[in-house]
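Only the coordinates and a few stated rules stand behind these numbers; no lab work does. Quick caveat, the model's predicted, so the values are computed rather than measured. Here Cβ is always computed from backbone atoms with ideal geometry, including for glycine, and neighbour counts include all displayed protein chains.
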Amino acid sequence: MDNVQKSMNLMGLAQRSGNLISGEAIVLNAVRSRQAKIVILASDASENTKKQFLNKCEHYSIPVRVDFDRNEISNAIGKIRTVAAITDGGFARSLQKLQ
């Protein structure tokens, strides 16, 4: 199993355990309140969305992964989403190691 598949499995596990949030407004609030430990942004998101999240995450020193497209994120978490965030430190560290 490659690292992309392992990362997607990890996102699904985080979703089922309640440690993954998704949706632009919710993730943006989590970044501002520093609840988000890592943000997963779709590589095919709009330029405005990319710029907004990359700037916010840089400002709050939150890592971002942009190596999944919208379909991969949606398949992993079971919802159609462009952006998601993991709120648990352990899941976030595991996802960063798979990068």
Taking region 9-51 only, how many residues are within 19 Å of residue 71 (Cβ to Cβ), in contact with a helix residue (DSSP H, G or I) (Cβ under 9 Å, 6 or more places away or on another chain) and buried (at least 18 other Cβ atoms within 10 Å of the Cβ)? 12
Search result, residues across region 49-99 that are touching an Asp or Glu at 6+ places or on another chain (Cβ under 9 Å), without any contact (Cβ under 8 Å) to a residue 60 or more places away in the chain and not acidic (Asp, Glu): 49, 52, 53, 64, 70, 71, 81, 82
Members of region 66-99 that are among the charged types (D, E, K, R) and in contact with a helix residue (DSSP H, G or I) (Cβ under 7 Å, 6 or more places away or on another chain): 72, 81, 88
